[in-house]
Amino acid sequence: MSNTQDTLLTVDPKTGKLLPNAAQEYSISSDGKTIRFVLLDNLYFSNGDKILANDYAFGIKRHLDPKNKS
């Protein structure tokens, strides 16, 4: 099984620049500590539930938690 999640951003293989993917746009705060993502409107789980920002936040926090060893 390969990656089963859409990433918020993707990398252009030719330029190395970040491009929107599941996020239609993003912005970085002037201090560089906060990134704000605006999700696409048409993101859904396989069961039909809409994917919300909290779903991405949960996944990111879970990934970063050392207890999960991911």
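The values are calculated or read from the model by the stated rules, or taken from the named source; none is laboratory data. Remember, it's a predicted structure, so these values are computed and weren't measured experimentally. Cβ atoms come from the backbone with ideal geometry, glycine included; neighbour counts cover every protein chain shown. When the accessible area is computed, the model is the full protein with side chains, heavy atoms only, and any ligands, DNA or RNA have been set aside. Shrake-Rupley method; radii C 1.70, N 1.55, O 1.52, S 1.80 Å.
Quick notes on this one:
- Per residue of the chain, the DSSP helices (runs of n ≥ 4 H) give a summed -39500 (n - 2.57) that works out to -5500 deg cm²/dmol at 222 nm.
- Student exercise, the chain dipole from Lys, Arg, Asp, Glu Cβ charges, in Debye to nearest 20: 300 debye
- The chain, accessible surface, carbon-and-sulfur percent (1.4 angstrom probe): 53 percent
- Annotation: amide H-H contacts under 5 Å for Leu39 (H modelled 1.01 Å from N, sequence separation of 5 or more, or interchain): Gln24.
- At full extension, Ile28 and Ser46 could sit 3.4 nm farther apart than now, given 0.36 nm per residue minus the alpha carbon distance.
- Equivalent ellipsoid semi-axes, the chain, via Cα gyration tensor eigenvalues times 5, rooted, Å: 20, 17, 15
- Extension gain (nm, one decimal) between Arg36 and Ala57, 0.36 nm per residue minus Cα-Cα: 6.4 nm
- Ranked packing of 18-26, 39-47, most packed first, by mean Cβ within 10 Å: 18-26, 39-47
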